[in-house]
Each structure stands twice: as C-alpha cells, then as structure tokens.
Amino acid sequence: MATYRLPKVLNEVIRSHRDQFLRPVQPKNGVGAFVFPCRKLVFNYCERSGSSKSMMEYLQKDATRFASENPQIEVIVQPRPSKHPIVRAFYTNGEQKTKCVRRCSAGEIPEVVKSLRDHSGHRLHRWNRYVISDTPSVRGIYSPFHDKAVYSISDLKTK
C-alpha cells in the first residue's frame, strides 16, 4: 500500500504557519455561557510603606468579601517591598491594566477594583466616524435638513 506524501511547498507552508493551525481556543461569549473578561486581579502592597496603609486596610476588611462575590476571578495578594501599592488586572484577551492606588483611601479602592473588574480588556480608542459600516453609503448619512422642500402638517392633510 502506497502512502501519500504532501508536496514540499505545502509542507513548508504548514511548517511556517504552524502556530495558526495549532492555536489554542480562545474563550468566547456565546449562547450557552458567559466568559467574564477579567480573569485575574493581583493586589501588590508594601508592608512598611505609609502609602500602602489604605491598601492593607482594604485587604483586611473587604478583599475576602470581593473574592467570595466574584468566584470567576482569581484574586492574588502579593507583597511588593519598597514600592507603591498597585492593583493589576489580567483579561482573557491577553491584555492587562494596572492602577496605582497610593493616594486612594480605603473607601476609594473598591471603586478602582470594580472599574478594573468591569473593564472589557480592550484598549480604548477614539472613533473617527459616527457610523461604522462595511459598505459606506454613496450619499452619506441622511438628515431631514437635506430635503429642499419643507412640508407643514396642513399641506399633508390636504393631499
């Protein structure tokens, strides 16, 4: 029985693009499940620094409650000697976002954590166009001010 061998050119193409063919499956939101965009939160603080006092207070009081309310997010607490306290969020699309909380009070840190949790992970960018379309209109966006004739309600009733 003869075996079939791929041509050399095809083998080279497959070898050069192997990572595209063997790419791991990215989690996606669909009909059956919701994948939370934030997958991990890392709290870094210094045990001796005065700027980390509010962070340590938050970690002692509210961090366990936050972790129990959000079981889909991995919460990690790490000491970071001689540095300002930060909260770092890792997202499912591979992005990460870091916020420094050195000037935040213990009451403001939950707001920072909530904003990192609710962020989609995509970079923010400015939209230059108001309408995004694959096939832009030749005439442009319709506006009632483009009509030359002005009608009143009494004109429409008589017709």
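Annotations
- With a simple spin-label model that places each label point 7 Å from the Cα along the Cα-to-Cβ direction, the separation between residue 142 and residue 128 comes to 2.7 nm.
- Close amide H partners of residue 40, meaning residues 5 or more places away or on another chain with modelled amide H under 5 Å apart, are 74, 90.
- Net charge of neighbours whose Cβ lies under 10 Å from the Cβ of residue 107, counting Lys and Arg as +1 and Asp and Glu as -1: -4
- Shape class for region 26-123, computed from the alpha carbon gyration tensor (a ≥ b ≥ c): prolate, with a/c not under 1.5 and a/b above b/c.
None of the figures in this text is laboratory data; all of them are computed from the coordinates on show. This one's a predicted model, so the numbers in the text were calculated from it and none came from an experiment. Backbone-built Cβ (ideal geometry, glycine too); neighbour counts: all protein chains shown.
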